[in-house]
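Here the structure comes first, spelled out in structure tokens, and everything after it is commentary.
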Amino acid sequence: MSKDDPQFNLRMPSDLRRRLAAAAKENNRSVTAEINSRLESTFISEQPYSEIAAVTDIIDRAKFLLKHFKR
């Protein structure tokens, strides 16, 4: 994302903001990147998966599982 991308102000409940911040930290992302990733995934699920999107989804899920089962 670049500084030229448009900004968007959004109100959200404090609890949701805390959950997003925790998820962002867990995924080594900024809160903005976490929100963008989650929004993008909703659009991907509405369309037939391309091979690249399917592989990306598998990689993201594998990273999540590895992170949580290492504990």
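The values are calculated or read from the model by the stated rules, or taken from the named source; none is laboratory data. Just so it is clear, the model here is predicted, and its values are computed rather than measured. In case anyone asks, the SASA skips ligands and DNA or RNA and just uses the protein heavy atoms, side chains included. Shrake-Rupley method; radii C 1.70, N 1.55, O 1.52, S 1.80 Å.
Listed values, structure above:
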| read-out | value |
| --- | --- |
| Å² per residue, accessible surface of the chain at 1.4 Å | 94 Å² |
| Extent along principal axes [Cα atoms of the chain; Å; largest to smallest] | 33, 32, 22 |
| In order through the stretch 4-21: 3J(HN,Hα) via Karplus (6.51 cos²θ - 1.76 cosθ + 1.60), integer Hz, x for Gly, Pro | 7, 5, x, 9, 9, 7, 9, 9, 8, x, 4, 4, 5, 4, 5, 5, 5, 4 |
